[in-house]
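> Can you keep this structure in mind? I'll have questions shortly.
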Amino acid sequence: MSNEHTFWFNEEHDYSGSSIGFRVTKKLHEEKTPFQTIAIYDTTDWGKLMTIDGCMMVSTRDNFFYHEMMSHPALYTHANPKNVVIIGGGDCGTLREVLRHKSVESAIQVEIDERVTRLAEQYFPELCESNHDPRAQLLFIDGIKWMAEAKPESLDVIIIDSTDPVGPAEGLFNAAFYATCLKALRPDGIIVQQSESPLAHLPLLTDIRNALTTAGFESLKTICFPQPCYPSGWWSGTMARKRGKLDAFREADVAAKPFATQYYNLDIHKAALAQPEFLKRAFGG
Ligand code: SAM
């Protein structure tokens, strides 16, 4: 369907020589914050679309892949996750998924730019439905600073739900930052870093893994999943564990999970642990 009332929002991705486009009817909002430029569009087929500095962040229709896969695999791998921190995550979709876990006693979201959350509340209210959960705490400060000052061995899971490693997020992708995460985690703690596209950003993905190892994490597991609005449409999260493995998880609890999901389930979790051949080779077997 195309008529004179529609146009295309295209995100050109120089790094991979590719682009992704959504047909839109209207730009609903745009503002420049002290950190970035945020825009909101109304699309013909994907609901609302948020972009940050021209990069697609979240759409109404396809955000569930990312929010579910950045939260449930790690939370069901941990034996009993109580204290969770999300760095970034301003659209609040990851926070909503974390709070579906009854074992979680506190979920702190550390987002540098309050305007992302305020616009998410306005244009993606369904992602923000858990923001007033008594276990949730929304902080609007730099995650790098927050983690550097976090109490040692106070956290079970850390989710780095950040923008790409440029601008304010650049310092979230290095060994120095991961070392502060390691210190803040309890011995069986797990970090999940959004680790970009396995196809379009493989050198960056291997850098992330190497930095996690340098920081002292014992085991790594990159899980891949579809994400239509991100470059190549195929994304990843890299889990790392302070001490212990990442292959086994609470299968019975996943099978009996008391909340609905759109993508994540027992088979998807098992499948995500399988590594494609080119990644096995890239990760040194
Ligand atoms: N799912 C998206 C992706 O993979 O690109 C990320 C969603 S969320 C909107 C990313 C958030 O990270 C943004 O709201 C941005 O403001 C936040 N962010 C970037 N650098 C940060 C930092 N140093 N501390 C806290 N939040 C940060």
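All of the numbers you see were taken from the coordinates with simple rules; none came from a lab. Fair warning: this is a prediction, and the values are worked out from it, not measured in the lab. Neighbour counts are summed over all protein chains in view; Cβ atoms, including those assigned to glycine, are modelled from backbone coordinates with ideal geometry.
> If I take the Cα coordinates of the chain and project them onto the principal axes, what are the three extents in Å, biggest first?
Principal-axis extents of the Cα atoms in the chain, largest first: 57, 44, 38 Å.
> For Lys26, give me every one of the lysines with a C-alpha distance below 29 angstrom, ignoring sequence neighbours fewer than eight places off in its own chain.
Lys48
> What residue among Ile52, Ile112, Ile158 has the largest mean-square fluctuation in a Gaussian network model of the chain, using Cα springs under 10 Å?
Most flexible of the set in this elastic network: Ile52.
> Once the other residues with Cβ under 15 Å from the Cβ of Ile141 are scored (Lys, Arg +1; Asp, Glu -1), what is the net sum?
Here the count lands on -3.
> Straight-line reach from Lys221: which lysines have Cα under 18 Å away, leaving out those fewer than 8 places along the same chain?
By straight Cα distance, Lys221 reaches Lys242, Lys245, Lys270, Lys280.
> Hey, another quick one. With 10 Å bins from zero, work out the P(r) of the range 145-285 over every alpha carbon pair and list the percent per bin.
Distribution as computed: 12, 40, 36, 13, 0 percent.
> Continuing with this model, one more query. Below 8 Å between Cα atoms, with a sequence gap of 6+, how large is the relative contact order for the range 7-59 in percent? Mind dumping the intermediate values first?
On the way: 99 pairs, mean separation 13.4, N = 53.
Once normalised by length, the contact order is 25 percent.
> On to the next question. With n ≥ 4 as the cut-off for DSSP H runs, can you work out [θ] at 222 nm for the chain, using -39500 (n - 2.57) per run divided by the number of residues, rounded to the nearest 500? Intermediate values should be presented prior to the final figure.
Values: 10 runs with 78 residues, N = 285.
It lands at -7000 deg cm²/dmol.
> At 0.36 nm per residue, and after removing the present C-alpha to C-alpha distance, how many nm does the segment from Asn80 to Arg281 gain when stretched out fully?
Numbers: separation 201, 0.36 × 201 = 72.36 nm, distance 3.30 nm.
The Asn80-Arg281 span can extend by a further 69.1 nm.
> Note down the Stokes-Einstein diffusion coefficient of the range 55-113 in µm²/s, whole number, using a Kirkwood radius over alpha carbon pairs, 25 °C, and 0.890 mPa s. Display every interim value, and only then the final one.
Details: Rh = 11.9 Å.
Diffusion coefficient, whole number: 205 µm²/s.
> Another question, then. With label points built 7 Å along Cα→Cβ from the Cα atoms of Tyr15 and Leu28, find their separation and express it in nm.
Here the answer is 2.8 nm between the modelled labels.
> On a 0 to 90 degree scale, rounded to 10, what angle separates helix 175-184 from the longest Cα axis of the chain?
With rounding to tens, the tilt is 60 degrees.
> Oh, and also: For helix 114-123, report the angle its Cα long axis makes with the longest principal axis of the Cα atoms of the chain; keep it between 0 and 90° and round to the nearest 10°.
Computed tilt is about 60 degrees.
> In Å, what is the Rg of the alpha-carbon atoms in the range 52-177, and how long is Dmax?
13.7, 39
> Over the chain, what is the relative contact order in percent, taking alpha-carbon pairs closer than 8 angstrom and at least six residues apart? Working shown, then result.
Details: 587 pairs, mean separation 46.6, N = 285.
Computed over the chain, the figure is 16 percent.
> Just need the relative contact order of the range 16-146 here, percent rounded to a whole number, with Cα pairs under 8 Å and 6+ apart. If you can, show how the numbers build up before the last one.
Working: 226 pairs, mean separation 22.9, N = 131.
Reported as a whole number, the value is 17 percent.
> Which semi-axis lengths, in whole Å and largest first, follow from the square roots of five times the eigenvalues of the Cα gyration tensor of the range 7-59? Mind showing how you got there, number by number?
Numbers: eigenvalues 57, 54, 12 Å².
Rounded to whole Å, the semi-axes are 17, 16, 8.
> Mind checking which of Gly189, Gly90, Gly17 has the largest fluctuation in a GNM of the chain, springs on alpha carbons under 10 Å?
Comparing Gly189, Gly90, Gly17 in a Gaussian network model of the chain, the most mobile one is Gly17.
> Sum up the charges of everything whose Cβ sits under 12 Å from the Cβ of Ile158, counting Lys and Arg as +1 and Asp and Glu as -1, but leave Ile158 out. Mind showing how you got there, number by number?
Values: positive: Lys183, Arg186, Arg241, Lys242; negative: Asp156, Asp161.
Neighbour charge sum, excluding Ile158 itself: +2.
> Sticking with the crude label model, points 7 Å out along Cα→Cβ, report the distance from Asp42 to Ala248 in nm, one decimal please.
Each label point is offset 7 Å from its Cα along the Cβ direction, giving 5.3 nm.
> Give me the distance in nm between label points sitting 7 Å out from Cα along the Cα-to-Cβ direction at Asp188 and Ala255, one decimal.
2.1 nm
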